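The structure under discussion appears below in the form of structure tokens.
Just so it is clear, none of the values below were taken in a lab; they were calculated from the coordinates. Since the structure is predicted, the reported quantities are computational estimates derived from the model, not experimental observations. Glycine also receives a Cβ, built like all others from the backbone with ideal geometry; neighbour counts cover every protein chain displayed.
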Amino acid sequence: MTAIDLEQSSSIVFDAATKVYAGQPRPAVDNLSLTIEAGQLCCIVGPSGGGKTTTLLLVNRLVELTSGDIRIGEQSIHDIDPIALRRSIGYVIQQTGLFPHLTIAENIALIPQILNWDKARIRKRTNELLELVGLAPVETFAKRYPHELSGGQQQRVGIARALAANPPVMLMDEPFGALDPITRANIQDEFLSLKDEIGKTTIFITHDIDEAIKMGDKMAILQDGGVLAQYGTPEAILSHPANEFVERFVGEDRGLKLLTLRTLQRALEQATNRPVLMRRSEIQASNLPRIPETATMQAALSLALNSQSTAVIVTSENGLDAVELSVQRLVELGSTTTAPPKTSRARADA
Amino acid sequence: MSDFLGFIGFSVNNFGLLLDKTIEHLAISSTALLIAIVIGMPIGLWLGHIHKGEFIAVSISNLGRALPSLALIAILIGVVGIGFTNVVIALIVLAAPPILTTTFLGVNGVDRSLTQASRGMGLRGWQTLARVELPLALPSIFTGLRTSAVLVVSSATLAAIAGGGGLGDIILNQVAYGMSGVIAGALWVAVLALATDGLFIVLHRLVTPAGIRSRTKKRVDGPLAAPRVDDASAPEEQGVLTSR
Amino acid sequence: MSVTTAVEPVIPDYGQASECVVNNGAFCVDWFVQQWPTVFWPALVEHIGLTLIAIVIGFVLAFLAALVAHRFSVAAAPLNGIAAVLYTIPPLALFILLVPFTGLSVLTAEIALVAYTLLILFSNTLTGLNNIPADARRAAVGMGLTRSQILKRIELPLAVPAIIGGLRIASVLTVSTATIAAFIVDAGLGSPILKAIQSPFNTQFIAAGALAVLLAFAVDGLLVLLGRGLAPWALRRRNA
């Protein structure tokens, strides 16, 4: 029985979800209400002990709710058999959890096999997924065992396996937490580009605020005791932290972090008085450093710092138009063009 | 069945004999065990300390396990003749390998970062061995001692066929002692083996340093740190059990 | 060379004796070859039979017990305790203690031999079943595998190397212990050894002893190959 429609993205709704572990005085997750829209990636972020993982495990019923409800699409998870529920949820964990006695292909094929897909379909799906997560040539990787792969490759397999039965929902528990910084950045980038293609509603746990800012369509910040401190877009949270806890958690450099979220193009579009386009001869004559408008504000400031210049030239995508932005102007753009606050404040018990 | 219960009467009437034979049994066993320790432990300590000879140190137990004690005693009859010496030599051959192997595994298995730290603090090689490696290896060493001690008490029963004495004298002499005597002897030796096992379980607990007593499993830190599945069978059973 | 000189009562009365036999040399090849079809080959076959039956029955019992202990962890300690006591009793004593109940029979020998295999097979199988890495277990449950699917598809395959390891030790031990069964039944390689002790004739117990050791190694080797066939991943993992 598959209670949730596979291959269809569904929203996830937490409705006053609460978990109190037996023998614990305080709840691990406290009256959590938030809605993750279909196809969106929500990063749950917070200090350790903030109930992040518990929140995740409530969804696939590895931990049962004490009170409240969680709905996937229209359906309460209580109305779905836990086994069927889990098969319709992709699950990725930090330590990969790959089965050491199965090859990569067999690891990915496990759930389709249990769901009795025919062999040709399983094979097709496995190859398709290996390619999707960038493990090519497929034939080589399919026959390998997990320990024969690097940490980053193993986690790609973990993601492919979670996608195998095309679940509408993905749960990712610090999936890139064990990887070295370079591998981590690469796999983050690839996952981001893959995310829109697969369009799964995803809950992504991390303790790393930068990862959350980079990966999340929305961020939910949990503070001690599993209390939701703030839920909103990274931009909204960075520009308008809901309380002191969030402000401290996102860091004093939140202004700089915000700059990573905005491209020059967007900043210029939102600017009240736009700078004048440079003439061709001016562009040619200038020896200021150049940067494409698709780069972030942060990159532009960084470039100015590195080249010790007081201004940069921002070029359009076709390379024909350009404007000159002084550092002063960049700072103004960064501080004035913040998005209007659209953040839901947490209940005032923090 | 009457034969079986007859052991009670026999034990009561021949308590002195059983006691004498038990003492003889223990004399053979402890002599062999002590010599086996003197031979096996230093080699295991040294090989473990220098992290060399793993193949030999482990294979020797496998080899010992395949060696039937009966055949060993019989062959030694041909080489050294009948008597105490024969039996003690046979028992040493059986008991030394498990001691050597577990000592090696214990010392070799001590976390390298600990020995490195102790060297970094300026301890000499033998000081590292005595103060770091040996204490941490004691639980493993006592596992081997337990295996060897039980094995020796058990195999010493066969000493009788080579005129070595011990409780086997009663068990293998139905003509003189009757079925009741044979059963009584077998029960005594069974109890003796279980008591030896118990003694070494207690010793094992006593020698385990308090700091590592409750530590169960190492934490798994990353995807590559997952325990190797093929190593996981209990070392107690895998490495050191040997033939009877 | 005549055989008329009485040396000692050590020469078995087996027809014409060579110089080696007369002097009770360490190993008389001619005598061994001569005795092979009537003494050693039958003893070897009997020995293989004794061992094989004990291992098969012991494995079935220990495997079922391990499944129970795996499912209900409270059962693990008592089951292990029983197996440990059986394992600790000296073989000769156990053989003898069974005689009043099952007589001087192959049954007695098998009961004792099975008893000795239990501890190793049980504890290795249980260790193997519990061997699944914590992250793999969590992933398996999280993916929606049922308890029996986890057992069949994950835990049992992962336990294969440990089970084979247990079978190797148990077989080698049983080959060795089965020689002692000769005290109660006239079968197996222990038999010629015991007979040779009556009149210490070197070739006979060296040959029988060596055959037992070789048999142990052969069984061990076969099980290693079986393990490689059943769990190729473990081998590749080791080499990686």
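A protection proxy built from the mean count of other Cβ atoms within 10 Å ranks the segments A:319-328, B:8-17, most packed first, as A:319-328, B:8-17. Taking A:ASN60, A:ASN318, A:ASN116 in turn, the Gaussian network model of chain A (Cα-Cα springs below 10 Å) assigns the largest fluctuation to A:ASN318. With R₀ fixed at 41 Å, the C-beta to C-beta distance from A:ASN306 to B:LEU114 puts the FRET efficiency at about 0.35.
Think of each Lys and Arg Cβ as +1 and each Asp and Glu Cβ as -1; about the Cα centre, that makes the dipole of region A:12-252 roughly 900 debye. Cα centroid distance between region C:167-232 and region A:44-82, in Å? Rounded to whole Å, the Cα centres lie 59 Å apart. Size descriptors for region A:262-336 (Cα atoms only): Rg and Dmax, in that order, 11.2, 31 Å. Neighbours of A:THR260, meaning other residues whose beta-carbon lies under 11 angstrom from its beta-carbon, give a summed charge of +1 when Lys and Arg score +1 and Asp and Glu score -1.
Scalar couplings 3J(HN,Hα) for region C:144-157, obtained by applying the Karplus form with A = 6.51, B = -1.76, C = 1.60 to θ = phi - 60°, are x, 7, 7, 4, 6, 5, 5, 4, 6, 8, 10, 5, 4, x Hz; x denotes Gly and Pro. Per-residue shielding of C:174-181, expressed as the average number of other chain Cβ atoms within 10 Å of the residue Cβ, stands at 5. Using only side-chain charges placed at the Cβ, +1 for Lys and Arg and -1 for Asp and Glu, the dipole size of the protein assembly as shown relative to its Cα centre rounds to 720 debye.
Using alpha-carbon pairs under 8 Å, 6+ residues apart, how would you state the relative contact order of chain A in percent?
Values: 653 pairs, mean separation 67.2, N = 350.
Relative contact order of chain A: 19 percent.
Take the alpha carbon atoms of region A:116-188, find their center, do the same for region B:143-184, and report the distance between the two centers in whole angstrom. Spelled out, the Cα-based centre of one part sits 62 Å from the other.
Given the options A:PRO100, A:PRO112, A:PRO167, which has the most mean-square fluctuation in a GNM of chain A, springs set between C-alpha atoms less than 10 angstrom apart? Of A:PRO100, A:PRO112, A:PRO167, the Gaussian network model singles out A:PRO100 as fluctuating most. Sorted from greatest to least, the principal axis extents spanned by the alpha carbons of chain B come out as 66, 39, 32 Å. Here the Karplus curve 6.51 cos²θ - 1.76 cosθ + 1.60, taken at θ = phi - 60°, turns the phi angles of region B:173-186 into couplings of 10, 5, 4, 7, 10, x, 4, 4, x, 4, 4, 4, x, 5 Hz, with x standing for Gly and Pro. Per-residue Cβ neighbour counts within 10 Å put C:TYR116, B:TYR177 in the sequence B:TYR177, C:TYR116, beginning with the fewest. Rg and Dmax over the alpha-carbon atoms of region A:5-75 stand at 12.5, 41 Å.
Counted over all Cα-Cα pairs of the protein assembly as shown, pairs farther apart than 36 Å make up 60 percent. Build a GNM of chain A with springs between Cα atoms under 10 Å apart, and of A:VAL246, A:VAL45, A:VAL169 the one that fluctuates most is A:VAL246. Comparing A:GLY177, A:MET215, A:PRO289 along the charge dipole axis of region A:173-310, the residue lying farthest to the positive side is A:PRO289, per the Cβ-charge model.
Annotation: the residues A:PHE191, C:PHE205, sorted from fewest to most other C-beta atoms within 10 Å of their own C-beta, follow the order A:PHE191, C:PHE205. Charged side chains reduced to their Cβ positions (Lys and Arg at +1, Asp and Glu at -1) give region C:20-230 a dipole of some 820 debye around its Cα centre. Neighbouring Cβ atoms from other chains, within 10 Å of the Cβ of residues in A:173-185, number 1 on average.
When each of the peptides B:35-48, C:86-99 is scored by how many other beta carbons lie within 10 Å of its residues on average, the order from highest to lowest is C:86-99, B:35-48. Summing charges over neighbours of A:LEU62, with a neighbour being any other residue whose Cβ is under 12 Å away from its Cβ, gives +3 when K and R count +1 and D and E count -1. With q set to 0.15, 0.16 Å⁻¹, the log10 of I(q)/I(0) for region B:38-175, from the Debye formula over equal scatterers at the Cα positions, is -0.74, -0.80. Each residue of region B:108-122 was assigned a 3J(HN,Hα) from its phi angle through the Karplus expression (A = 6.51, B = -1.76, C = 1.60, θ = phi - 60°), giving 4, x, 5, 3, 4, 5, 6, 5, 5, 4, 5, 5, x, 7, x Hz with x at Gly and Pro. Within the shell of other residues whose beta carbon sits under 13 angstrom from the beta carbon of A:VAL13, the net charge comes to -3, with Lys and Arg scored +1 and Asp and Glu -1. The amide H of A:ASN31, built 1.01 Å from its N in the peptide plane, has A:THR18, A:LYS19 as neighbours under 5 Å, considering only residues 5 or more places off or on other chains. Positive-end ranking of B:ALA149, A:PHE245, C:GLN149 along the dipole of the protein assembly as shown, with charges on Cβ about the Cα centre, is headed by A:PHE245.
Look at the stretch B:164-177: the mean tally of other chain Cβ atoms within 10 Å of its residues' Cβ atoms is 1. Calculated FRET efficiency, C:LEU107 to B:ASN173, Cβ-Cβ distance, R0 = 35 Å: about 0.90 to the nearest 0.05. Using the Cβ-Cβ distance between A:LEU194 and B:ARG205 with R0 set to 60 Å, the FRET efficiency works out to roughly 0.65. Of the residues B:LEU34, B:VAL80, B:GLY9, the one whose Cα sits farthest towards the positive end of the charge dipole of region B:2-212 is B:LEU34 (charges of +1 on Lys and Arg Cβ, -1 on Asp and Glu Cβ, taken about the Cα centre). Given the pairs A:LYS124/A:LYS218; A:LYS52/A:LYS214; A:LYS143/C:LYS152; A:LYS119/A:LYS143, which are separated by over 23 angstrom at their Cα positions? Correct reply: A:LYS124/A:LYS218. Over 36 Å, how big is the tail of the calculated P(r) for chain A, in percent of all Cα pairs? Roughly 31 percent, rounded to a whole number.
Model label points for A:ASP118 and A:ASN318, set 7 angstrom from Cα along the Cα-to-Cβ axis, are 5.2 nm apart.
Proximity of backbone amide H atoms, modeled 1.01 Å from N, is registered between A:GLN230 and A:ILE221 at under 5 Å, excluding neighbours fewer than 5 places apart on the same chain.
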